[in-house]
Amino acid sequence: MDQPVFLELEAPIKICGDLHGQFYDLLKLLEFGGMPPEANYLFLGDYVDRGKYSIETMCLLLAFKIKYPENFFLLRGNHEIAEINRMYGFYDDCKRRFSIKIWKKFIDVFNCLPVTALIDDKILCMHGGLSPDLHTLDQLREIRRPTDVPDKGLLCDLLWADPDKDHPNWEENDRGVSYTFGEKALSSFTKANDVDLVCRAHQVVDDGYEFFGNRQLVTVFSAVNYCGEFDNSGALMSVDETLMCSFQVLKGSRVQE
């Protein structure tokens with residue numbers, strides 16, 4: 001809570017997408033990118049659920065955050081919500097291995113995590129995506145914590161929204177929560193707010209990263225062979241001092257059917 005809900009960061013920095021309890025992928029990403037504080041990191045959320053090592057993943061991330069608070073940053077994902085991680089494994093992991101009390105302590109932490117970050121005024125980062133309610137960056141500074149995530153509205157969309165190549169503007173999301181946004185909606189937002197790139201996670205992409213909307217948005221996903229059901233690679237995005245973006249990729253292996 002000493003740091004704002006809307007982080008304003010400087011390059012160079014490494015950006016990681018969803019991990020979902022895949023602890024060994026986290027270790028490989030840190031090996032690729034360099035251990036903090038030699039490298040600065042921003043994680044885009046979804047640390048828990050589905051994978052086998054959610055507790056280990058979360059504890060290591062929090063340990064780095066405590067040790068290097070000015071080099072290591074964690075945003076909130078849609079799985080850092082009590083009603084979601086109660087269903088998808090994290091609650092059961094905590095209850096089975098430790099206690100419900102431990103799970104509640106994690107939820108207290110999740111309710112205080114920052115939601116968005118801006119790198120050198122040009123790269124806007126969040127877990128999910130844009131919102132039809134988001135018009136200016138100042139709105140991101142006004143989100144109050146600690147907070148649960150409502151079923152609709154700005155905070156919900158920042159954690160749940162997805163880009164959609166088939167529609168230009170806003171549509172209902174097939175997830176049953178939030179919206180999808182097209183290239184026209186994305187371009188309107190980036191132009192109005194003088195942002196060069198929106199960086200988000202939230203969706204599995206085959207190569208670990210995927211551009212959208214004439215390279216105005218990039219999705220970064222870092223959990224390799226997600227859930228053991230996908231053939232996807234995982235990526236680490238590096239932003240250098242000139243805001244040039246490059247990617248290091250952990251190759252996925254073909255899942256046997």
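The values are calculated or read from the model by the stated rules, or taken from the named source; none is laboratory data. As the structure is a computational prediction, the values presented were derived from the model and not from experiment. Cβ placement follows ideal geometry from the backbone for every residue including glycine, while neighbour counts extend to all protein chains displayed. Each accessible area value is taken on the protein alone, full model and side chains, heavy atoms only, with ligands, DNA and RNA left out. Shrake-Rupley method; radii C 1.70, N 1.55, O 1.52, S 1.80 Å.
Whole-Hz Karplus values for the range 63-75 come out as 5, 5, 5, 5, 6, 10, x, 9, 10, 9, 9, 10, 8 Hz, taken residue by residue from phi with 6.51 cos²θ - 1.76 cosθ + 1.60 and θ = phi - 60°; glycine and proline positions read x. Close amide H pairs (under 5 Å, H built 1.01 Å from N) link Val48 with His20, Gly21, residues at least 5 positions away or on another chain. For the chain, the convex hull spanned by the alpha carbon atoms encloses 123 Å³ per residue.
Database remark: amide H of Ser222 closer than 5 angstrom to the amide H of Gly17, Asp18, Ala235 (H placed geometrically; neighbours at sequence offset of 5 or more, or on other chains; Pro and chain starts carry no H). Taking Leu158, Leu137, Leu74 in turn, the Gaussian network model of the chain (Cα-Cα springs below 10 Å) assigns the largest fluctuation to Leu137. Using a simple spin-label model with pseudo-atoms 7 Å out from Cα toward Cβ, Asp120 and Asp92 lie 4.5 nm apart. Sequentially through the range 191-200, phi angles give Karplus couplings (6.51, -1.76, 1.60; θ = phi - 60°) of 5, 5, 10, 6, 9, 8, 8, 9, 10, 9 Hz, Gly and Pro residues having no value and appearing as x. With a/c under 1.5 counting as rounded, go ahead and sort the range 142-224 into rounded, prolate or oblate using the C-alpha gyration tensor (a ≥ b ≥ c being the square roots of the eigenvalues; past the cut-off, prolate if a/b is larger than b/c, else oblate). The shape class here is rounded.
Accessible area ranking (1.4 Å probe, heavy atoms, ligands and nucleic acids excluded), largest first, for Tyr209, Tyr47: Tyr209, Tyr47.
Every helix of 4 or more DSSP H residues in the chain counts as -39500 (n - 2.57), and over all residues that averages to -7500 deg cm²/dmol at 222 nm. Taking the centroid of alpha carbons for each part, the range 16-46 and the range 200-236 are 14 Å apart. Each residue of the range 17-31 was assigned a 3J(HN,Hα) from its phi angle through the Karplus expression (A = 6.51, B = -1.76, C = 1.60, θ = phi - 60°), giving x, 3, 10, 6, x, 8, 4, 6, 5, 4, 4, 5, 5, 5, 5 Hz with x at Gly and Pro.
For the range 66-104, applying the loop criterion from DSSP together with a ceiling of 14 other beta carbons within 10 Å to the GluC sites (Glu not before Pro) yields Glu70.
With protein chains left intact and a 1.4 Å probe, residues in the chain average 47 Å² of accessible area per residue.
Take the residue pairs Lys52/Lys101; Lys65/Lys101; Lys67/Lys95; Lys95/Lys152; Lys28/Lys104; Lys28/Lys105 and return only those whose Cα atoms are more than 24 Å apart. Where the Cα-Cα span goes over 24 Å, the pairs concerned are Lys67/Lys95; Lys95/Lys152; Lys28/Lys104; Lys28/Lys105. How big, on average over all directions, is the shadow cast by the Cα convex hull of the range 81-204, in nm²? Mean orientational projected area (the range 81-204, Cα hull): 8.2 nm².
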